[in-house]
Amino acid sequence: MDPTIEELPGIGPKTAEKLREVGYIDVLAIAAASSNELMAAADMGESLAMKVIAAAQQVLDIGFETGLDVLEKRKKVVKVTTMSTQVDELLGGGVQSQAITEVHGPFGSGKSQIAFQIAVSAQLPVEKGGLDGHVAFIDTENTFRPERIMGIAEALGLDPEEVLGRIHIARAFNSDHQMFMADKVEELINKDEIPIKIIIVDSLTAHFRAEYAGRGKLAERQQKLNRLLHNLQRMADIHNLVVFVTNQVMSKPDVFFGPTLEAIGGNIVGHAATYRLFLRRGKGGKRVARLIDSPDLPEGEAIYSLTSEGVRD
């Protein structure tokens, strides 16, 4: 059983509560933190913060591992189908676990529709491209529509009500609530023993963009967004989860050559997301997905359609 925060030297119940409130919910999160972050989060001195971090790292035996160790972990990666063979091929076989996959694009490009599709696809048997598991869906823009889920489920021969019963939806009303609900996913897994296989956040940055407007609040916004993304990645690693997030874009009016749209979140999202897709409308009602960042896959494009049955080629 993993140690709790209270078992670390210098951390009592009140300090532990403060740390959990700002996202340091377990020993691993503390082990990966900087002393400045802990000092700000729990009003502790520098020497104590360094002592706590060192103790957390020692407890978890954090150190180097061989490439063979990493290879063994990679063998556990699972993939969920988007129901588009072209998009799946672009992503190396589907949306992968142990990673954050981010899709961004303008309004109407199909971001939420892909999220709905994989929420249903995740419940297919593994041999059909699914994960045979439950879904945690954090909805920040009130876009979740059970009727759409039912239509996609029927097209795949699944029981619509059973599918809806395996999707656990949290409506997040602000950025703090969004971060809190992300923490609650781990409670569903550990405490309630629900076999969550995929976390979907639609959309990742909507609340952060609205609440932290202006350059004066940019640093604070980015810091909170960074904590959320690191928490999602940590859960993906520990529980072998698929993490899929949608993101908004903004225009760059000062650009005359090259892309005129960029994803919200800047370098924080760019570095935290493992796979990044830019979605746009194509000709004849088609949609185009372009892989713009990946540690192991080449850049490329895939063409797909949004139909009454869901995402298709």
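We did not get these values from a lab; they are worked out from the coordinates using the rules stated. Just so it is clear, the structure is predicted and the values come from calculations on it, not from any experiment. Because the Cβ atoms are built from the backbone with ideal geometry, glycine has one as well, and the counts that use them run over all protein chains shown.
Just add up the charged neighbours of PHE107: K/R +1, D/E -1, any other residue whose Cβ is under 12 Å from the Cβ of PHE107.
+2
What is the sum of charges around ASP139, taking Lys and Arg as +1, Asp and Glu as -1, for the other residues whose C-beta is under 11 Å from the C-beta of ASP139?
That sum, taken over residues with Cβ under 11 Å, equals 0.
Within the P(r) computed for the stretch 155-313, what percentage of the Cα pairs occupies the region above 21 Å?
Summing the P(r) of the stretch 155-313 above 21 Å gives 57 percent of all pairs.
Compute the signed sum of charges (Lys and Arg +1, Asp and Glu -1) over the other residues within less than 12 Å, Cβ to Cβ, of ARG171.
Details: positive: none; negative: ASP139, GLU141, ASP202.
Taking every other residue near ARG171 into account, the sum is -3.
Where does each of ILE198, ILE238 land when they are ranked from fewest to most other beta-carbon atoms within 10 angstrom? Could you put the intermediate results ahead of the total?
On the way: ILE198 27, ILE238 15.
By the 10 Å Cβ count, ascending: ILE238, ILE198.
Quick check: convex hull over the Cα atoms of the stretch 5-60, volume per residue in Å³, rounded to an integer?
61
Once both labels are modelled 7 Å past Cα along the beta-carbon direction, what's the PHE64-ASP132 spacing in nm?
4.0
Once the Cα atoms of helix 175-190 and of the chain are each reduced to a long axis, what angle between those two axes, in degrees from 0 to 90 to the nearest 10, is obtained?
Computed tilt is about 90 degrees.
Order these by the 10 Å Cβ neighbour count, fewest first: GLU301, GLU127, GLU46.
Ranking GLU301, GLU127, GLU46 by Cβ neighbours within 10 Å, fewest first, gives GLU127, GLU46, GLU301.
What does DSSP give for the chain in terms of the percent of beta bridges that are antiparallel, rounded to the nearest 5?
Of the beta bridges lying entirely in the chain, close to 45 percent run antiparallel.
How large is ³J(HN,Hα) for each residue in the stretch 280-297, as worked out from phi by the Karplus curve 6.51 cos²θ - 1.76 cosθ + 1.60 (θ = phi - 60°), to whole Hz, x for Gly and Pro?
Calculated HN-Hα couplings, in order: 8, 6, x, 7, x, x, 6, 10, 10, 10, 10, 7, 9, 7, 6, x, 9, 10 Hz.
Are any of the pairs LYS18/LYS184; LYS79/LYS283; LYS197/LYS286 more than 22 Å apart by Cα-Cα distance, and if so, which?
In this structure, LYS79/LYS283; LYS197/LYS286 exceed 22 Å between Cα atoms.
As I understand it, the value is the acute angle between the Cα axis of helix 146-155 and the longest principal axis of the Cα atoms of the chain; what does it come to in degrees, rounded to 10?
For helix 146-155, the angle is close to 60 degrees.
Explain nothing, just compute: Karplus ³J(HN,Hα) = 6.51 cos²θ - 1.76 cosθ + 1.60, θ = phi - 60°, for every residue of the stretch 101-118 in order, whole Hz, x for Gly and Pro.
Per-residue couplings from phi come out as 9, 10, 10, 9, x, x, 4, x, 7, x, 4, 5, 5, 5, 4, 4, 4, 6 Hz.
Rounded to whole Å and sorted largest first, list the principal axis extents of the Cα atoms in the stretch 89-211.
Taking the Cα atoms of the stretch 89-211, the three principal extents are 42, 37, 30 Å.
If we count other beta carbons within 10 Å of each Cβ, what is the order of HIS168, HIS104, HIS177, fewest first?
Working: HIS168 18, HIS104 26, HIS177 15.
Least to most surrounded, the residues fall as HIS177, HIS168, HIS104.
Can you give the extra length, in nm with one decimal, that the chain gains between ASP293 and GLU262 once fully stretched, where that is 0.36 nm per residue apart less the Cα-Cα distance? Each step should come with its number before you reach the end.
Working: separation 31, 0.36 × 31 = 11.16 nm, distance 1.33 nm.
Extending this stretch completely gives an extra 9.8 nm.
May I ask you to order 284-291, 9-16 by the average number of other C-beta atoms within 10 Å around their residues, highest value first?
Values: 284-291: 16.2, 9-16: 14.2.
Descending packing order for the listed peptides: 284-291, 9-16.
Among [x] 17.6; [y] 15.9; [z] 19.0, find the value of mean projected area of the Cα convex hull in nm² that was calculated from the structure presented, and write down its label.
Recomputing mean projected area of the Cα convex hull in nm² here picks out [x].
Please give the length that would be gained between LYS217 and GLU46 if that part of the chain were fully extended, namely 0.36 nm times their separation in residues minus their C-alpha to C-alpha distance (nm, one decimal).
In short, 59.0 nm is gained.
Enter the per residue convex hull volume of the stretch 1-155, computed from alpha-carbon coordinates, in Å³ rounded to the nearest integer.
Normalising the Cα hull of the stretch 1-155 by residue number yields 185 Å³.
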